[in-house]
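The values are calculated or read from the model by the stated rules, or taken from the named source; none is laboratory data. Quantities reported herein were computed from a predicted structural model and do not represent experimental measurements. We place every Cβ from the backbone using ideal geometry, glycine too, and count neighbours over all the protein chains shown.
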Amino acid sequence: MKNAIGEKLWIIPDMYWPLITSQGSYVSHESICVLNPSDTDCEITINLYFEDREPIRGLKVLCKAERTHHVRMDGLLDHTGRHLPRGVPYAAVVECSVPVVVQYTRVDTTQSENALMTTMAFPVKEPVKESVKESEKEPV
């Protein structure tokens with residue numbers, strides 16, 4: 001696999017899709033933005049966590065090799081075919097089949113002075129297996 005840039009596990013702890021109707025024609029929304037520089041398609045699983053309800057697990061999307069994919073959260077449907085809840089804070093764990101780079105963006109148009117917030121998601125490094133010193137190995 002060429003260009004193994006990024007990580008396979010990303011955390012976005014602060015997400016929020018406003019309940020209030022947008023001012024003007026541009027709609028409030030959030031996006032999980034994925035960059036896949038590798039030569040392999042990336043299968044992405046998104047699990048959402050809430051303060052007061054059960055998680056929504058197993059949302060699936062694809063980011064093709066050497067492409068970007070902007071996952072609009074207002075376009076995703078849960079396992080029952082409903083849109084994600086609005087007006088409640090939540091978090092996401094983004095699991096990827098190949099190393100990618102993940103960014104989160106929120107556009108808030110609930111006031112005439114629109115707001116844009118973007119940040120890199122938190123990459124979780126794959127655990128490194130520690131080698132056991134010869135002196136610590138159990139005798140055979």
| Whichever residue in region 62-102 is at pLDDT 95 or above and among the hydroxyl-bearing types (Ser, Thr, Tyr) and, among such residues, is farthest from residue 45 (Cα to Cα) | 68
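Considering only residues that are of a type in the set (A, V, I, L, M) and farther than 15 Å from residue 9 by Cβ, which ones fall in region 31-47? Quick ask: steps written out before the conclusion?
So the first thing to find is which residues in region 31-47 are of a type in the set (A, V, I, L, M), and the list is 32, 34-35, 44, 46.
Across region 31-47, the qualifying residue is only 35.
Yes or no, residue by residue, for (1) in contact with a strand residue (DSSP E or B) (Cβ under 8 Å, 6 or more places away or on another chain); (2) part of a strand (DSSP E or B); (3) closer than 22 Å to residue 119 by Cα; (4) of a type outside the set (S, T, N, Q):
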site: 47; (1), (2), (3), (4): yes, yes, yes, no
site: 57; (1), (2), (3), (4): yes, yes, no, yes
site: 69; (1), (2), (3), (4): yes, yes, yes, yes
site: 93; (1), (2), (3), (4): yes, yes, yes, yes
site: 98; (1), (2), (3), (4): yes, yes, yes, yes
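Within region 72-80, identify whether any single residue is acidic (Asp, Glu), part of a strand (DSSP E or B) and under 19 Å from residue 121 (Cα atoms), and answer yes or no.
The initial filter retains those residues of region 72-80 that are acidic (Asp, Glu), namely 74, 78.
Now restrict to residues that are part of a strand (DSSP E or B): none.
Checking region 72-80: not a single residue is acidic (Asp, Glu), part of a strand (DSSP E or B) and under 19 Å from residue 121 (Cα atoms).
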| message | Between a residue in region 66-94 that is closer than 18 Å to residue 14 by Cβ and in contact (Cβ under 8 Å) with a residue 24 or more places away in the chain and any residue that is of a type in the set (D, E, K, R) and in a loop (DSSP other than H, G, I, E, B), which pairs come within a Cβ distance under 7 Å, given they are 6 or more apart or on different chains? | response | 84/78; 89/51
